[in-house]
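J.: Below you will find the structure I want to go over with you.
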Amino acid sequence: MSNRIEIAPGVVHYPGWFERAAQEALVASLREVAKAAPLFTPRMPRTGQPFSVKMTNCGALGWVSDINGYRYQPTHPDTGAAWPPMPLALLDAWQSLAAYPHPPEACLVNFYDGPAKMGLHQDRDEQDFDAPVLSVSLGDTGVFRVGATTRGGPTRSVKLQSGDALSFGGPARLAFHGIDRIIPGTSTLLPQGGRINLTLRRVTRP
Ligand code: MD6
Ligand code: FE
């Protein structure tokens, strides 16, 4: 059992939840996911400005963003194919950590190369905010920043290392958060470096 560190009300960090062998198995599963559902470059609604991260999804629903907006949909935006299934190890982690009685429907896969980052945002495209979002980090360490549910409040940051899980729910479910930067050379998991973040979400109300 790994440590449980509540970094803010509703934000619980589980350092090293996945041991190295489990991380390697997850990366192998994600390579299969990316074969079926290739990484795509999301774009900001309205402006069409590209994100610096590349994305794909697994599970019944996937989160996409393009000039028309943010949404969940059952198919890949480029290929039109259904998203591949979620690896069982992720469903297991949700069962252990999410404290929510229904399975996740979407797993967003974010891939960060060296300079990629993610600005402060809220995850609010789901219909059900009772479920937490469960995040899993693989590869190089990411500097995660979490603030209040309003923009401009105080923030604190925590380093997310390969294998860490983070549950983000309760009073923090709509808190602003983002990734300031990736620290290169901090993990040997991905041969080319970079970071993968998985976020498991319940989208619809059960
Ligand atoms: C990341 N994470 O760690 C980005 N969202 O790369 C997120 O945006 C996130 O970690 C909701 C809940 C937990 C998260
Ligand atoms: Fe998020």
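J.: Would you please list the contacts, defined by Cβ atoms under 9 Å and residues six or more apart or on different chains, that run from a residue in the range 104-123 that is among the charged types (D, E, K, R) to a residue that is in a strand (DSSP E or B) and surrounded by fewer than 19 Cβ atoms within 10 Å (Cβ to Cβ)?
T.: The qualifying pairs are LYS117/VAL143; LYS117/GLY178; LYS117/ASP180; LYS117/ARG181.
J.: Please work out which one of (1) of a type in the set (D, E, K, R); (2) within 12 Å of ligand 2 (Cβ to nearest atom); (3) more than 30 Å from PRO191 (Cβ to Cβ); (4) in contact with an Asp or Glu (Cβ under 7 Å, 6 or more places away or on another chain) is the condition ARG71 fails and give its number.
T.: Of everything listed in (1) of a type in the set (D, E, K, R); (2) within 12 Å of ligand 2 (Cβ to nearest atom); (3) more than 30 Å from PRO191 (Cβ to Cβ); (4) in contact with an Asp or Glu (Cβ under 7 Å, 6 or more places away or on another chain), ARG71 misses just condition (2).
J.: Please specify each residue of the range 62-81 satisfying the condition of being in contact (Cβ under 8 Å) with a residue 40 or more places away in the chain, assigned to a strand (DSSP E or B) and surrounded by fewer than 19 Cβ atoms within 10 Å (Cβ to Cβ).
T.: Across the range 62-81, the qualifying residues are TYR70, ARG71.
J.: Within the range 26-37, how many residues are surrounded by 15 or more Cβ atoms within 10 Å (Cβ to Cβ) and over 15 Å from ASP164 (Cα atoms)? Write out each step before concluding.
T.: Keep residues of the range 26-37 that are surrounded by 15 or more Cβ atoms within 10 Å (Cβ to Cβ), which gives 26-27, 29-30, 33-34, 36-37.
Filter once more, so that each one left must be over 15 Å from ASP164 (Cα atoms): 29-30, 33-34, 36-37.
Total satisfying the criteria: 6.
J.: Let me ask something else about it. How about the range 143-187: which of its residues are touching a residue at least 40 places away in the same chain (Cβ under 8 Å), of a type outside the set (Ser, Thr, Tyr) and more than 24 Å from PHE129 (Cβ to Cβ)?
T.: VAL143, GLN161, GLY163, ASP180, ARG181, ILE182, ILE183, PRO184, GLY185, listed by residue number.
J.: Among THR79, THR75, which is the only one that is over 28 Å from GLN192 (Cβ atoms), away from ligand 1 (no atom under 11 Å from the Cβ) and among the β-branched types (Val, Ile, Thr)?
T.: Values: THR79 fails: over 28 Å from GLN192 (Cβ atoms).
Just a single option satisfies the conditions, and that option is THR75.
J.: Scan the range 26-59 for residues that are among the aliphatic types (A, V, I, L, M) and touching a residue at least 24 places away in the same chain (Cβ under 8 Å) and jot them down. Give the steps one after another, and end with the answer.
T.: Quick first cut of the range 26-59, residues among the aliphatic types (A, V, I, L, M) only: 26-28, 30, 33-34, 36-37, 39, 44, 53, 55.
LEU26, VAL27, LEU30, VAL33, ALA34, ALA36, ALA37, LEU39, VAL53, MET55, listed by residue number.
J.: Can you tell me which condition PHE176 does not meet? The list is (1) open to solvent by 10 Å² or more (accessible area, probe 1.4 Å); (2) modelled with pLDDT of 95 or more; (3) away from ligand 2 (no atom under 12 Å from the Cβ), and all the others hold.
T.: Evaluating PHE176 over (1) open to solvent by 10 Å² or more (accessible area, probe 1.4 Å); (2) modelled with pLDDT of 95 or more; (3) away from ligand 2 (no atom under 12 Å from the Cβ) leaves (3) as the failure.
J.: Do any strands (runs of 3 or more DSSP E) entirely within the range 82-163 hold 2 or more residues that are open to solvent by 40 Å² or more (accessible area, probe 1.4 Å), and if so, which?
T.: Working: elements: 106-112, 118-121, 133-139, 141-146, 156-160.
In the range 82-163, the matching strands (runs of 3 or more DSSP E) lie at 118-121, 156-160.
J.: At pLDDT 95 or above and either open to solvent by 30 Å² or more (accessible area, probe 1.4 Å) or touching a Pro at 6+ places or on another chain (Cβ under 7 Å) (or both), is that true of ASN57?
T.: Values: at pLDDT 95 or above: yes; either open to solvent by 30 Å² or more (accessible area, probe 1.4 Å) or touching a Pro at 6+ places or on another chain (Cβ under 7 Å) (or both): no.
Considered against the rule, which asks whether it is at pLDDT 95 or above and either open to solvent by 30 Å² or more (accessible area, probe 1.4 Å) or touching a Pro at 6+ places or on another chain (Cβ under 7 Å) (or both), ASN57 comes out as no.
J.: Determine, yes or no, whether LEU190 is within 16 Å of ligand 2 (Cβ to nearest atom) and either assigned to a loop (DSSP other than H, G, I, E, B) or in contact (Cβ under 8 Å) with a residue 40 or more places away in the chain (or both).
T.: no
The values are calculated or read from the model by the stated rules, or taken from the named source; none is laboratory data. Worth saying up front: this structure is predicted, and the values here are computed from it rather than measured. Positions of Cβ are generated from backbone atoms using ideal geometry, with glycine treated the same way; all protein chains shown enter the neighbour counts. These accessible areas exclude ligands, DNA and RNA; they are computed on the full protein's heavy atoms, side chains included. Shrake-Rupley method; radii C 1.70, N 1.55, O 1.52, S 1.80 Å.
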